[in-house]
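Below is one structure, written out as structure tokens; comments come after it.
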Amino acid sequence: MPNSEKQAEEILALESIFDHKFHLFNEHQYEILIEFDLPTTFTIRFNDKISLIQYLPPLSLIINYHDEYPSDEPPSFILSCFYFSKIDLIKLCQKIDEFSFIPGEVCVYDWIVLIKQEITNDFIIGTDFIEQENDPRALNGYIVENAEKIFQNLIEYNQRREDDLFRTQLQTCSICTDIIPGIDCIRLHRCGHFYCRSCLNNYIRITLENGKFGENLHCPENQCRQALLPTEVKQAIQNDELYERYERLTLQHGLESMEDIVWCPR
């Protein structure tokens, strides 16, 4: 079978496997966004900071076909991943170079399997590596100065993915036990507990009437002492007048608790 036919068949197979993660630029070039198969909880580390996440952004693999693939040589490629260091990307390029290529056999899927093995259960954002010789196939790797920013970006990406998944699934309100779409729930940022808008609205109104506001307005879950954020209060009650009262009482309480504040008698 001619190389062009084998290339076309490989493209069809990869497009079927990776679906919307596969982007065909032309008959000789395409990109695959590789998502890592993570365990339920996954540890990322930066110096003494640790965070548990479930999702990592995809790594980009760009493949360029040439006339000698797959009969004689593997295709050329480019790797891009902002949370791999430049050195780690270069090492990964070298691993792909060392992969046992069989003339006449397509290899891109095997490369993807090799790349997926680069993430273990404990991913460390490094800060002590020494720059090596550059490899033009390794793009967008981070440098030491950006390590802390990369760590925070991964946490934020994971939060967005969790929020997106939550909104698309059915959820059970812990107060009324109704089953409703996640998009109709309010998920509290500090603790992760969630409730339907109606129940959280009623809870907040009753709690305000009982004189609790600000940091004393806690999550309804038993034993949970996390305070609701002002944005969550506003989202739940959807009443400008009531929210202004909440803000006013919270501000007044905050000022009264400051020992260096003295009220003007006038």
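The values are calculated or read from the model by the stated rules, or taken from the named source; none is laboratory data. Keep in mind it's a predicted model, so treat the numbers as computed, not measured. All Cβ positions, even for glycine, are placed from backbone atoms using ideal geometry, and neighbour counts span all protein chains on display.
Couple of notes before you dig in:
- Among the candidates SER60, SER51, the residue that is among the small types (Gly, Ala, Ser), in the same structural domain as GLU15 (by TED's automatic domain parsing), surrounded by 14 or more Cβ atoms within 10 Å (Cβ to Cβ) and at pLDDT below 95 is uniquely SER51.
- Unmet requirement for ARG45, which otherwise passes all of (1) under 21 Å from the mean Cα position of the chain (by Cα); (2) surrounded by fewer than 15 Cβ atoms within 10 Å (Cβ to Cβ); (3) more than 26 Å from ILE155 (Cβ to Cβ); (4) of a type outside the set (Ser, Thr, Tyr): (3)
- In the stretch 106-145, the residue that is modelled with the highest pLDDT out of those that are farther than 30 Å from ASP67 by Cα and not in a loop (DSSP other than H, G, I, E, B) is TYR142.
- Condition broken by LYS212, with the remaining ones in (1) farther than 16 Å from ASN239 by Cβ; (2) in contact with a helix residue (DSSP H, G or I) (Cβ under 6 Å, 6 or more places away or on another chain); (3) at pLDDT below 90 satisfied: (2)
- The stretch 217-253, subset in contact with a Leu (Cβ under 8 Å, 6 or more places away or on another chain) and part of a loop (DSSP other than H, G, I, E, B), residue surrounded by the fewest Cβ atoms within 10 Å (Cβ to Cβ): LEU229
- If you go through the stretch 160-200 and pick out every residue that is surrounded by fewer than 15 Cβ atoms within 10 Å (Cβ to Cβ), of a type in the set (A, V, I, L, M) and under 22 Å from the mean Cα position of the chain (by Cα), you end up with 3.
- Output for the stretch 43-57, where each listed residue is of a type outside the set (Asp, Glu) and over 24 Å from TYR109 (Cβ atoms): THR43, ILE44, ARG45, PHE46, ASN47, LYS49, ILE50, SER51, LEU52, ILE53, GLN54
- Restricting the stretch 63-105 to residues that are in a strand (DSSP E or B) and of a type in the set (A, V, I, L, M), the residue that is surrounded by the fewest Cβ atoms within 10 Å (Cβ to Cβ) is ILE78.
- Between PRO136, PRO103, PRO57, PRO74, the distinction of being closer than 27 Å to ASN26 by Cβ, touching a helix residue (DSSP H, G or I) at 6+ places or on another chain (Cβ under 7 Å) and not charged (D, E, K, R) belongs to PRO57 only.
- Pairs meeting the criteria (first residue in the stretch 34-59 and touching a residue at least 24 places away in the same chain (Cβ under 8 Å), second residue assigned to a loop (DSSP other than H, G, I, E, B) and charged (D, E, K, R), beta carbons under 6 Å, at least 6 apart or on different chains) are PRO58/GLU35.
- Strands (runs of 3 or more DSSP E) contained entirely in the stretch 15-61, each with at least 1 residues that are in contact with a Pro (Cβ under 9 Å, 6 or more places away or on another chain): 29-34
- Some residue of the stretch 99-106 being closer than 28 Å to PRO39 by Cα and touching a residue at least 12 places away in the same chain (Cβ under 8 Å): yes
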